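Before any comments, here is the structure.
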Amino acid sequence: MIITQDYFPDIGGITTYCYELAKNFEQLGLDVLIITKSFDGYKFNIQIQKDEYGLKVLRLEHSKWKNKPNTLVYKAIKPLINDSTLFLSANWKMAVACYFHSIFRKINYITAVHGFDAIEGRKFNKFLQFKAFKNGSKIIAVSQFTKNLLQSQFPNKSLNIEVVNGGVDLEKYKFVEDYSAVETKYSLDAGFRI
């Protein structure tokens with residue numbers, strides 16, 4: 001199960017990442033279910049339906065998701081959980097929901113971290129975030145930058161972090177140390193970064 005508040009018809013990095021993961025998991029023969037919020041034009045339902053991409057999606061009521069996502073998600077997934085269920089939480093707040101649920105019933109979960117969502121300044125939230133990360137099976141960072149960011153947020157803590165780059169063929173697109181050729185080619189000011 002992939003639990004995310006960002007999924008189609010929303011457009012963005014997390015949406016695309018969740019979609020690509022789901023498609024790849026299905027190609028590996030796994031049974032995938034995406035749990036997300038409803039949108040205008042997408043009525044919430046308690047029934048699992050296939051979306052326009054052929055993936056199984058359970059859309060939960062947006063207003064309740066906004067106010068009490070942990071309770072809403074738990075009620076929706078409770079009858080679907082078995083010992084082989086693996087949750088992929090698309091952000092740290094959903095990881096906290098998985099952590100709380102794992103207190104009452106053993107569940108396996110992985111958290112995907114997409115960048116600056118890893119930074120939590122409030123002390124209590126940072127504590128919950130760490131507990132969720134530590135008790136999960138693994139953390140997927142979408143880039144080495146994100147992994148470094150997580151490690152800087154939790155120095156001297158051993159977290160099981162793996163980098164899974166999304167949408168970029170690292171064999172084709174190599175990291176460039178010297179930007180001068182690119183700056184010259186595109187008439188960019190020295191130090192300009194996208």
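The values are calculated or read from the model by the stated rules, or taken from the named source; none is laboratory data. All values reported here derive from a predicted model rather than from experimental measurement. FYI the Cβ positions are ideal-geometry reconstructions off the backbone, even for glycines, and counts take in every protein chain you see. With ligands, DNA and RNA removed, areas are computed over all heavy atoms of the protein, side chains included. Shrake-Rupley method; radii C 1.70, N 1.55, O 1.52, S 1.80 Å.
Brief remarks on what is shown
- For the range 27-38, residues that are open to solvent by 60 Å² or more (accessible area, probe 1.4 Å) and either touching a Phe, Trp or Tyr at 6+ places or on another chain (Cβ under 9 Å) or touching a residue at least 24 places away in the same chain (Cβ under 8 Å) (or both) total 1.
- Leading residue by the ranking (least open to solvent (accessible area, probe 1.4 Å)) among those in the range 4-20 that are closer than 13 Å to Lys56 by Cα and hydroxyl-bearing (Ser, Thr, Tyr): Tyr7
- Enumeration of residues in the range 162-175 that are acidic (Asp, Glu) and either at pLDDT below 85 or open to solvent by less than 30 Å² (accessible area, probe 1.4 Å) (or both): Asp169, Glu171
- Residue within the range 107-130 that is in contact with an Asp or Glu (Cβ under 7 Å, 6 or more places away or on another chain) and at pLDDT below 75 present: no
- Every residue from the range 141-161 that is open to solvent by less than 50 Å² (accessible area, probe 1.4 Å), outside any loop (DSSP other than H, G, I, E, B) and out of contact with any strand residue (DSSP E or B) (no Cβ under 9 Å at 6 or more places or on another chain): Gln153
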